[in-house]
Amino acid sequence: MRRKACLIFNPVSGTTDADQDLERIKELLSPQFDLDIQFTTEEISADKLAQEAVKKGEFEIIIAAGGDGTLSETARALGETTIPLGIIPRGTANAFASALGLPDTLDEACETILSGKTRRIDIGRCNGKLMTLLAGIGFEAETVENASREAKQRWGVLAYLVSGIQQLRELELFEAEIETDDKIIKVSAGALTVANAAPPTSVLAQGPAGILYDDGLLDVTIISSNTWGAAIAASYHLLQTGLRGDAAQRDDIGYLRTKRVKITTNPPQKIVLDGEMIGNTPLEVECIPGGLSVIVPMLAAEKISEKLEGLPDLEIEEKSAPVTGD
């Protein structure tokens, strides 16, 4: 018997042919799932569609096919529920899938949904909204805001790079107060990032050594570079340490881990939450351990190798292949 699943599909995500992608998804998933397909539009967002699917109470899984915005919106609607999220990344950056170690090809993503397992991961609550990846203040928010949809569709992830370089030329420090359960930090910063999960390509989140999505903690990265050249050097350093899984070592980069954080700034700074602008500081984020169920790949079984050499009194007799009749 096929399971009931709601598929939330964003037809304008990414650069591939949406109609072909949808047909392929249906071809792969329909043998096991009775798909109720819902399309996002400019008027109807993924979180609204997901909320309606949750209210129906008839779906065993809700699948999101789109970019990071679509995936994060759907995840927020499923946060603190028992309904698992299936992920088919079709966006520009696909940071959400990358952060969780999920495949970024359509066929592999569908295979994960068909044969994977359910895993509980952390989410955050950011200014009253649920957060799957990260919230950025200052430089990152300006970069995301100024990367147009047209540029992303034409250039892909390079659109963020171009926007980032433009923003670096206008980099200005601001006063920030960072309050955790046990301390208050006052600092001048150009960018602040609070991450629940982040792939190495989310460069401005890579202060700590490894960002875990199931440790019950948020990772805060502070960048205080005060010149264009220093900001370029700091960004490159964070990319390299992020790819290696090391902690940042520069004096203009700081980081800490905490269960909750409140950040105020002077002057107020824009906030980007999971790729979407949500207003200005202050920002309050708390971690919700195990707040979301996600379908992830089954771990590949380790191939058992043979090791016999060195055993005492070892004798090995090779057997001839059995003879089979016609």
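The values are calculated or read from the model by the stated rules, or taken from the named source; none is laboratory data. Since we're looking at a predicted model, the values are computed, not measured. A quick note on method: Cβ atoms are made from the backbone with ideal geometry, for glycine too, and the neighbour counts reach across all protein chains shown. Accessible surface areas use protein heavy atoms only, side chains included; no ligands, DNA or RNA. Shrake-Rupley method; radii C 1.70, N 1.55, O 1.52, S 1.80 Å.
Within the span defined as segment 275-283, one or more residues are open to solvent by 30 Å² or more (accessible area, probe 1.4 Å), in a loop (DSSP other than H, G, I, E, B) and at pLDDT below 90. Could you tell me whether segment 133-143 includes any residue that is modelled with pLDDT under 90 and out of contact with any helix residue (DSSP H, G or I) (no Cβ under 8 Å at 6 or more places or on another chain)? Among the residues of segment 133-143, at least one is modelled with pLDDT under 90 and out of contact with any helix residue (DSSP H, G or I) (no Cβ under 8 Å at 6 or more places or on another chain), which makes the answer yes.
Does segment 70-84 include one or more residues that are within 28 Å of N196 (Cβ to Cβ) and among the basic types (K, R)? Let's see the steps before the verdict.
Quick first cut of segment 70-84, residues within 28 Å of N196 (Cβ to Cβ) only: 70-84.
Then keep just the ones that are among the basic types (K, R); that gives 76.
Yes, that holds for at least one residue.
Evaluate segment 80-88: report whether one residue or more is touching a Leu at 6+ places or on another chain (Cβ under 9 Å), under 25 Å from T258 (Cβ atoms) and crowded, with 20+ Cβ neighbours inside 10 Å.
Going through segment 80-88, the residues touching a Leu at 6+ places or on another chain (Cβ under 9 Å) turn out to be 80-81, 84-88.
Next cut, under 25 Å from T258 (Cβ atoms) only: 80.
Of the ones still in play, those that are also crowded, with 20+ Cβ neighbours inside 10 Å are none.
Scanning segment 80-88 turns up no residue that is touching a Leu at 6+ places or on another chain (Cβ under 9 Å), under 25 Å from T258 (Cβ atoms) and crowded, with 20+ Cβ neighbours inside 10 Å.
For (1) over 25 Å from K186 (Cα atoms); (2) at pLDDT 85 or above; (3) among the aromatic types (F, W, Y), each residue gets a yes or a no:
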{"position": "V261", "(1), (2), (3)": "no, yes, no"}
{"position": "T265", "(1), (2), (3)": "no, yes, no"}
{"position": "K270", "(1), (2), (3)": "no, yes, no"}
{"position": "C287", "(1), (2), (3)": "no, yes, no"}
{"position": "L292", "(1), (2), (3)": "yes, yes, no"}
{"position": "L299", "(1), (2), (3)": "yes, no, no"}
{"position": "E306", "(1), (2), (3)": "yes, no, no"}
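The residues of segment 217-264 that are assigned to a strand (DSSP E or B), free of Cβ contacts under 8 Å to residues at least 60 places away in the same chain and open to solvent by 20 Å² or more (accessible area, probe 1.4 Å), listed by number, are Y255, R257. Total residues in segment 29-53 satisfying the condition of being over 16 Å from E111 (Cα atoms), among the aliphatic types (A, V, I, L, M) and either at pLDDT 95 or above or surrounded by 20 or more Cβ atoms within 10 Å (Cβ to Cβ) (or both): the figure is 5.
Screening segment 166-185 for residues that are outside any loop (DSSP other than H, G, I, E, B) and open to solvent by 50 Å² or more (accessible area, probe 1.4 Å) and picking the one that is modelled with the lowest pLDDT gives Q166.
Listed here are the residues, each with its yes/no results for (1) closer than 18 Å to C287 by Cα; (2) of a type outside the set (G, A, S).
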| position | (1), (2) |
| --- | --- |
| G57 | no, no |
| I62 | no, yes |
| G79 | yes, no |
| L102 | no, yes |
| E108 | no, yes |
| M131 | yes, yes |
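You will find that of D68, D17, the residue that is under 17 Å from I295 (Cα atoms), acidic (D, E) and at pLDDT below 95 is D68 and no other.
The residue that is surrounded by the fewest Cβ atoms within 10 Å (Cβ to Cβ), among those in segment 1-14 that are at pLDDT 95 or above and out of contact with any Ser or Thr (no Cβ under 9 Å at 6 or more places or on another chain), is K4.
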